[in-house]
Each structure stands twice: as structure tokens, then as C-alpha cells.
Amino acid sequence: MTQQTCDSNWQQLRKWLLLSFQPGLGAVRFNALIREFGSADAILSASYHALRAGLPEKLAAQLSSNPETPEIVDRLNYCRQWLESSKAHHIITLQSSQYPVALKELSDPPPLLYVVGNIDLLNEPQLAVVGSRRPTPQARRLAQELARDLSRKGLIITSGMALGIDAAAHQGVLGSYGSTIAVLGTGVDVIYPRSHGDLYQAIAMQGAVVSEFPLGTTPNPGNFPRRNRIISGLSSGVLVVEAALNSGSLISARLAAEQGREVFAVPGSVLNPLSRGCHKLIREGAVLVESAEDILIELQNYLRPFVESSDEPETISSDLSGVQRVILESLNGEAVSVDLICQISGLSFDEVSVILTEMELEGFIESVPGGYTRTG
């Protein structure tokens, strides 16, 4: 791509960003203006009287007279610097060919999406996996296993990178060469929770991190329910692994049903309060899930052809335990830190350290600057 083309593309994107930064112009109004005028350029060129037909007086005056305040210009410059700092950084508009087709079906699709990682994954078949932020150990393990199995059958696993079930789902995919998408309630340049720094980096390398919120947006309680509509909107269905009756995961399930997506739920013990949300969903018609096969049967028409990764070894020694296999599969030729291995495996630092020592003594891995790699 020539510099002239890059500059031209930026000028078009800049107009979308300029509109998105206007106070009071949310997704619903923004999308209504795009439908009315056809493009961001046409909106910015419109007269006050033309804009006033669909906007409050103050906002119409703001757009027609002085949309580029010094603060907004600074934000625009920061966006360009961020875009140019990495080929993995993307900002796409609702009119872009790369914009997820599934999201366009929403009544209020995000006018802009900020992405770190593989942007092509946004249009691949996806399943959302959500649940409690404080799950039982059994639910955490089940979320990892289901995400791993579904990923191996060709589904992209999408979640919110939150503590608990979200993190477990991402980790289950990362340990099996699959792809996963994290939809954030912050800007894509803000890692939240902070403890998920390594998980964020792993997802960005092996999948994609997505947000509708502008760069620099910090955690705000109101943003997280809003991002749930993107998690469900991107996906063919939503799987709830464990959730209390007041869980935010039920918001994702409700949104999925409203969007015409499938809803799946894992039953649990009647003595466990964290099972009540799933039981409620099942009573209301959600598909009861005991294994990945229950989901695959329902979503068979959405599955892309699955091809085993050519980078994955043909055989892995039968002497390895299940956890050791996951760790070995996470080592892809470059040094991987112990912290990142902990994120991928879902184990504590002490547990991982013991396993790594055993695997090194058995000759499967070796310690190198920055972490561990395979020996073969």
C-alpha cells in the first residue's frame, strides 16, 4: 500500500473517529445519521438545518460549526500513532468490508471497532462462553475443556477476558492451538483486570482483542453490560457454564436470545447457588449441555471446515499427563514465560514450576532466557 493510499484511508477513518468523539453522539444517533446521509463525509458537510432534523439543537450546532476541538484533535492524533505503531492494530468502520457481518444484524451495531490481533477472525463462526467470575474449580475446568474441544472443531471462542469462566475459556483455547476473541469493556489499549496482562498478550498473538470503546477508555461499570451485546452479537450462540441468578452472564444470554442466537447452559448441583442461573435458562428453553457434542449438533450449519494445524506435532508422547500436554502444546518455538504458561494452563505458579521441572528432567522442554521452549 502506497503512502498516498495510507493517507487517503486515514482521512476517511479520521472523519468517522471525529464523529465518534462528539459528546452526545452515541451509536444509535451515529448509525441513524449514516443511514440518512450515507457517509461520515456527508454528515460533516451537512448544514445545521439538515442536521437539526435528526439531532438536538446543541449537537447539530456542534457538528456544523466546530467539531474539531483541541481535545478531539489530540485524540485523533493518538489514534493515528496507535494505528501506525503495529500492523496488529486496526480500527474498522461499519462500512468496512472487514466489519463483522453478524454485528450488522444488531439494532445498534458499534459504528467503529478497535482491534488488536487477527482481524479476519471477526467473521469466522464463533461461540461465546461466559459465566461466574468466582466459579467452582469444577466449572473452571469444564469451561477450559469445552472451549478446547469446540475450538478443535473449528469454532472461535469469544468471551470477555474477565476473571473466572471467561479467562478459563480463553485459556482452554490458547493451550490447544485454537483462536479466541476477547471483547473488552475498556479501550483495547487498557488491560483489565490488570492481572490479565499475560492473558491479553496471548490472546492478541493467537486471536484478537476487540472493543467499541475509544482508546484510553478506563473501566466503567456501565460499559460491561454494553459490551455483552457484542460478545453475543459476534457469536452463533452463547454458552453459560456457571452463573448466579443475578449474574451479568444472564444479560449475555438474554441478549443472545433477542438477537436470534442459540443459548446453551451447563446444569449443576441444586445445592450450588452458582447453578441457579443456568437452571433458569434451561427452564426457559436453553439447550442443556453435558459435552461439546451437544453444542456441535445445534451449530453444525455454522461450523467452518476444520483442518488440523500443520504446526502441531503429529504425535505427543503418551508418557505425558493431560496438564503436561497442554503446557507442551503452548510452547510454539519461541520462549514462553512461566507467568504466561500459568495463564494458559489455569494452574498456580507453584504447580506449574513443579511440572516444568519434571518435564525438563524428562527432556521434553528446556529452560532458555525468557522462559521455556520445546526440545524437539
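The values are calculated or read from the model by the stated rules, or taken from the named source; none is laboratory data. Model, not experiment: these values are computed from the prediction. All Cβ positions, even for glycine, are placed from backbone atoms using ideal geometry, and neighbour counts span all protein chains on display. Ligands, DNA and RNA are excluded from the accessible area calculation, which covers all protein heavy atoms including side chains. Shrake-Rupley method; radii C 1.70, N 1.55, O 1.52, S 1.80 Å.
Structure notes:
- Karplus-derived 3J(HN,Hα), 6.51/-1.76/1.60, for each residue of segment 102-111, Hz, glycine and proline x: 4, 6, 5, 6, 6, 6, 9, x, x, x
- Gap separating the Cα centres of segment 85-121 and segment 238-305, nearest whole Å: 26
- Whole-number Å³ per residue for the convex hull built on Cα positions in segment 1-81: 99
- Viscosity 1.306 mPa s, 10 °C: Kirkwood-radius Stokes-Einstein D of segment 40-98 over Cα pairs, µm²/s: 117
- When a 1.4 Å probe is rolled over the protein heavy atoms, the share of accessible surface on segment 1-63 that falls to carbon and sulfur comes to 52 percent.
- Dipole of the chain [Lys/Arg +1, Asp/Glu -1 at C-beta], most positive-end residue of Phe21, Met161, Ser64: Ser64
- Separation between Cα centres of segment 54-74 and segment 167-210, rounded to whole Å: 35
- Neighbourhood charge, 10 Å Cβ-Cβ cut-off, centred on Leu199 and excluding it, Lys, Arg +1 and Asp, Glu -1: -3
- On a per residue basis, the convex hull of the C-alpha atoms belonging to segment 1-151 measures out at 164 Å³.
- Summarising the amide proton neighbourhood of Thr217: residues at separation of 5 or more, or on other chains, whose placed amide H is nearer than 5 Å comprise Gly187.
- For segment 1-73, the per residue solvent-accessible surface stands at 56 Å², with DNA, RNA and ligands left out and a 1.4 Å probe.
- With viscosity 1.002 mPa s and temperature 20 °C, the Kirkwood radius over alpha carbon pairs of segment 103-148 converts through Stokes-Einstein to a diffusion coefficient of 157 µm²/s.
- Couplings 3J(HN,Hα) for segment 245-250, derived from phi with the Karplus relation 6.51 cos²θ - 1.76 cosθ + 1.60 (θ = phi - 60°), are 5, 9, 6, x, 5, 5 Hz, where x marks Gly and Pro.
- Residues whose placed amide H lies under 5 Å from that of Thr158, excluding near-sequence neighbours: Leu127, Ala128, Val129, Ile181
- Pairwise label distance in nanometres, Asn77 with Arg283, each label 7 Å out on the Cα-Cβ vector: 5.8
- In segment 116-185, the alpha-carbon atoms span a convex hull of 75 Å³ per residue.
- Across Glu362, Glu293, Glu145, mean-square fluctuation computed from a Gaussian network of the chain (C-alpha pairs under 10 Å connected) peaks at Glu362.
- Residues whose amide H comes within less than 5 Å of that of Leu112, counting only those at least five positions distant or on another chain, are absent (H built at 1.01 Å from N in the peptide plane).
- By the helix-only formula, in which each DSSP H run with n ≥ 4 contributes -39500 (n - 2.57) and the sum is divided by residues, the chain has a 222 nm mean residue ellipticity of -13000 deg cm²/dmol.
- Nitroxide proxy distance, nm - points 7 Å out along Cα→Cβ at Glu145 and Thr69: 5.4
- Per-residue 3J(HN,Hα) values for segment 216-221, derived from phi via the Karplus relation 6.51 cos²θ - 1.76 cosθ + 1.60 with θ = phi - 60°, read x, 5, 8, x, 9, x Hz in sequence order (x marks Gly and Pro).
- In whole angstrom, segment 88-209 maps to an equivalent ellipsoid with semi-axes of 23, 16, 13, each derived as √(5λ) from the alpha carbon gyration tensor and ordered largest first.
- Considering only Leu55, Leu255, Leu174, the Gaussian network model of the chain with Cα springs below 10 Å gives its largest mean-square fluctuation to Leu55.
- Highest GNM mean-square fluctuation among Ser45, Ser252, Ser159, for the chain modelled with Cα contacts below 10 Å: Ser45.
- Taken over the C-alpha atoms, the chain has Rg and Dmax values of 22.3, 76 angstrom.
- Within segment 234-300, the proportion of C-alpha pairs whose separation exceeds 18 Å stands at 29%.
- In the distance distribution for segment 158-274, Cα-Cα pairs more than 22 Å apart total 32 percent.
- Backbone N atoms of segment 134-175 closer than 17 Å to the 7 Å Cα→Cβ label point of Glu105 belong to residues 155-158.
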